[in-house]
Amino acid sequence: MVEVESFFNGNRVNMAHHPITLVSGPPSCGKTSLLFQFAYNAAALGDANTKVVFICNRRRIESNPPHLSKALQFSPCQCRSGIDASCDTFQRIQMKYVDDEEGIKKYFAAFHLYDTFPLAVVVDDFGDFFVERNCQERYGNPRGRDLAMVRVLALCHNAVMHANRRGPCSILLSDTHHGEFPRLLFIYKRWVQSVFTIKGDGNGSFLLVGNCNVGSENPERMRTAKYSIAFQYLTLEGISEDEEIKQELI
């Protein structure tokens, strides 16, 4: 399973058993930063042939680039002027820019044709690629967006299961929700084995809370990470068991 450390600590990336993971949180909580740090960590642990694909909207990520862990200042990718984008680890991350769900669909539809598969495919702001009006017109159904998401998630699942017959491969998605929980969890839980939700702690930091086996009757709660984004860095403030976080919030 993906553990909370995977979004911060490059030595703790674990993607086994749960081929699709979702990170869901409110706007401006650092989801893109968490996903890109995960992509960097996965790429750093591999060899020269390792590839991680990061799917996103080009305009959005260029206007609001991710902030990486402060620990990178001690890595080979750090140079005097900041992060060296030409270092080997960043070269293993393949950026793929798409504008809508059709771009995601085309990528995964051709997955079985690849000779080699990426170690991970990361899709930033997955839900935002499904524009409600466009989906309604395409499917001739008021719930067209839900139908489109189900079809693409099924395609993602088939693709990653095919890839795992040859070697480890996982998919990490992010989505934005308003309120306590993801509104479309009823759609995601059929295809997604573990879900991380993000909420503010009331003091400027955020809590990344993980649950695995979300489609089962007995979902398993994982540990919780507390983090913040300040001075252009993603900073891990601590990792606690669920009960410790509850006491801290009281």
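The values are calculated or read from the model by the stated rules, or taken from the named source; none is laboratory data. The model shown is predicted, which means the values in this text are computed figures rather than measured ones. As a convention, Cβ positions derive from the backbone with ideal geometry for all residues, glycine included, and neighbour counts pool all protein chains shown.
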| query | Hey, among the residues in the range 128-177 that are of a type in the set (G, A, S) and surrounded by fewer than 21 Cβ atoms within 10 Å (Cβ to Cβ), which one's nearest to G103 (Cα to Cα)? | reply | A154
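One line per residue, one yes/no per condition, for (1) under 14 Å from the mean Cα position of the chain (by Cα); (2) more than 21 Å from E5 (Cα to Cα); (3) without any contact (Cβ under 8 Å) to a residue 60 or more places away in the chain:
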position	(1), (2), (3)
I20	yes, no, no
V23	yes, no, no
S28	no, no, yes
N41	yes, no, yes
L45	no, no, yes
R58	no, yes, yes
P65	no, yes, yes
| message | For the range 178-197: of the residues being among the hydrophobic types (A, V, I, L, M, F, W, C) and surrounded by fewer than 21 Cβ atoms within 10 Å (Cβ to Cβ), which is farthest from the chain's Cα centre (by Cα)? | response | F186
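If you take the residues in the range 23-38 that are of a type in the set (G, A, S) and surrounded by fewer than 24 Cβ atoms within 10 Å (Cβ to Cβ), which one is nearest to L119 (Cα to Cα)? Break it down into steps so the answer makes sense when it comes.
At the first step, the residues of the range 23-38 found to be of a type in the set (G, A, S) are 24-25, 28, 30, 33.
If we keep only those that are surrounded by fewer than 24 Cβ atoms within 10 Å (Cβ to Cβ) too, we end up with 25, 28, 30, 33.
Values: G25: 24, S28: 27, G30: 23, S33: 19 Å.
Residue satisfying both the conditions and the ranking: S33.
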| message | I need a count of the residues in the range 109-124 that are touching a strand residue (DSSP E or B) at 6+ places or on another chain (Cβ under 6 Å) and farther than 13 Å from R166 by Cα. | response | 5
| field | Residue match in the range 215-235 (condition: modelled with pLDDT of 90 or more, exposed (fewer than 13 other Cβ atoms within 10 Å of the Cβ) and not hydrophobic (A, V, I, L, M, F, W, C)) | value | no
| task | Test each condition in (1) crowded, with 16+ Cβ neighbours inside 10 Å; (2) charged (D, E, K, R); (3) over 18 Å from R60 (Cβ atoms) for K106 and report the one that comes out false. | result | (1)
| Would you call G127 in a helix (DSSP H, G or I), at pLDDT below 95 and closer than 25 Å to F36 by Cα? | yes
| note | Pairing a residue in the range 96-112 that is in contact (Cβ under 8 Å) with a residue 40 or more places away in the chain with any residue that is surrounded by fewer than 17 Cβ atoms within 10 Å (Cβ to Cβ), where Cβ atoms lie under 7 Å and the two sit 6 or more apart in sequence or on different chains, gives Y97/R58; Y107/K96; F111/H162; H112/H162
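Which ones in the range 58-77 are out of contact with any strand residue (DSSP E or B) (no Cβ under 7 Å at 6 or more places or on another chain) and at pLDDT 90 or above?
First pass over the range 58-77, keeping only residues out of contact with any strand residue (DSSP E or B) (no Cβ under 7 Å at 6 or more places or on another chain): 59-66, 71, 73-76.
Scanning the range 58-77 gives R59, R60, I61, E62, S63, N64, P65, P66.
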| query | Restricting to the range 85-103, what's the tally of residues that are surrounded by fewer than 18 Cβ atoms within 10 Å (Cβ to Cβ) and of a type in the set (S, T, Y)? | reply | 2
| note | A48: passes all of (1) of a type in the set (A, V, I, L, M); (2) surrounded by fewer than 17 Cβ atoms within 10 Å (Cβ to Cβ); (3) modelled with pLDDT of 95 or more but (3)
